[in-house]
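Report on the structure given below.
Every read-out reported here was derived from the displayed coordinates using simple, explicitly stated rules and does not represent laboratory data. On a predicted model such as this, the values are computed, not experimentally measured, just so you know. Neighbour counts run over all protein chains shown; Cβ positions are idealised from the backbone, glycine included.
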Amino acid sequence: MAHERVLVLDLGSQYTQLIARRIREERVYCEVHPCGLPIERIRALDPRAVVLSGGPGSVYADRAPTVDPGVFELGIPVLGICYGQQLLARAFGGEVVSSAVREFGHAELVRTGDSPLLEGLPAQFRVWMSHGDRVARMPPGFRTMATTADCPLAVMGAPERGLYGLQFHPEVTHTDNGA
């Protein structure tokens, strides 16, 4: 495995270990830690990137799982998956709402422009959705990178800052091109 370290901060997803396994399959060293890991400890681990896992909760609920805001100031890429995307959006001033349509199952993802995150992938492919909330308004400085019929902000990002969010689960076999 490469001598780089990726941290997966566990926000309660049933897929956290699968996310870590997929990263390891790319021959990158990966560790799973609780979402409440203090920023001093994260800095000491010297990660090259952080992944915010999904989770079953709502980011606006009382005692919702969160991460130290310093994670977003490390100057390294951060990828939020599902709940992780919603947490990322809220941290930067976006709005998360309960979805009118709760998605569970396949959806067709359509790329809406160039994106380093989606580079080399088809313009349209199937992804696996599992969420009741969604990002309704992106934070300032972010842009839409892909949509689905029921999720206009299925992929968002601020590439110049290395911040990305996916509403779908790339780690599951139900998502085409997930690796």
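Residue-wise HN-Hα couplings along the stretch 73-90, as the Karplus relation 6.51 cos²θ - 1.76 cosθ + 1.60 with θ = phi - 60° gives them from phi, are 10, 6, x, 10, x, 10, 10, x, 10, 6, 3, x, 5, 5, 5, 4, 4, 5 Hz; Gly and Pro carry x. Based on alpha-carbon atoms, the Kirkwood radius and the radius of gyration of the stretch 1-98 give Rg/Rh equal to 0.96. At a threshold of 8 angstrom on Cα-Cα distance, excluding pairs fewer than six apart, so keeping six or more, what relative contact order does the stretch 1-138 reach in percent? Across the stretch 1-138, relative contact order equals 22 percent.
The mean sequence separation of alpha-carbon pairs under 8 Å and at least six residues apart, normalised by the residue count of the stretch 40-116, gives a relative contact order of 31 percent. Entry note: the stretch 40-179 has Rg to Rh equal to 0.94, where both radii use alpha-carbon atoms and Rh is the Kirkwood radius. Counting Lys +1, Arg +1, Asp -1, Glu -1, what net charge surrounds ALA20 among other residues with beta carbon under 15 Å of its beta carbon? Taking every other residue near ALA20 into account, the sum is 0. Evaluated on the stretch 1-41, the Kirkwood hydrodynamic radius is 10.6 Å, with distances taken between all distinct Cα atoms.
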